[in-house]
Amino acid sequence: MATHTEVESKHAPPLAECPNCDHMLPQGLGEIECEICGAVCRVSHEPTIEALKNETVQCPHCATVVVAGTENRPVELTCSSCSGIFVITRKVVKVEIQCPNCQSRLRIRPRPGKRELNCPSCEVLFNVTF
Ligand SMILES: [Zn+2]
Ligand SMILES: [Zn+2]
Ligand SMILES: [Zn+2]
């Protein structure tokens, strides 16, 4: 009876910029390909890697504390206590954007490139670029 349960990681690398075109790189560590210009960039952030390796999560099946042991996310872990399987997923990074019209704050998931946002308060459309 292996249920597939997910736990979100508490740590995420800081958002990095492509040195080639200055757009945001997709979130991650290691060799990351820029979605805008295709340049392959090495993203490394030692404190995040350490935090990810040492991250402890509670087994969602039996609440035993399990150490991730790797900086990879998502990663599948097997609980040593109940043999339950679960996945630590990537933390979803959100950024705060201010609506240029009404100044209300929107929390969005950044994606590389330009996109159009619709302010939920004043319904104005505006563009953001990452
Ligand atoms: Zn680029
Ligand atoms: Zn367990
Ligand atoms: Zn607005």
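The values are calculated or read from the model by the stated rules, or taken from the named source; none is laboratory data. Source: prediction; values computed, not measured. All Cβ positions, glycine included, derive from the backbone under ideal geometry; neighbour counts span all protein chains shown.
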Among the residues of the stretch 75-93, write down those that are surrounded by 12 or more Cβ atoms within 10 Å (Cβ to Cβ) and of a type outside the set (S, T, N, Q).
V75, L77, C79, C82, G84, I85, F86, V87, I88, R90, K91, V93
Among the residues of the stretch 1-16, count how many are crowded, with 16+ Cβ neighbours inside 10 Å and more than 16 Å from ligand 2 (Cβ to nearest atom).
5
Qualifying residue in the stretch 42-52 (condition: surrounded by 15 or more Cβ atoms within 10 Å (Cβ to Cβ), at pLDDT below 95, away from ligand 2 (no atom under 16 Å from the Cβ) and not in a helix (DSSP H, G or I))
yes
Does the stretch 42-65 contain any residue that is in contact (Cβ under 8 Å) with a residue 12 or more places away in the chain, within 16 Å of ligand 1 (Cβ to nearest atom) and farther than 30 Å from C122 by Cβ?
yes
Taking the conditions exactly as written (at pLDDT 95 or above and either over 25 Å from A16 (Cα atoms) or within 16 Å of ligand 1 (Cβ to nearest atom) (or both)), does F130 satisfy them or not?
no
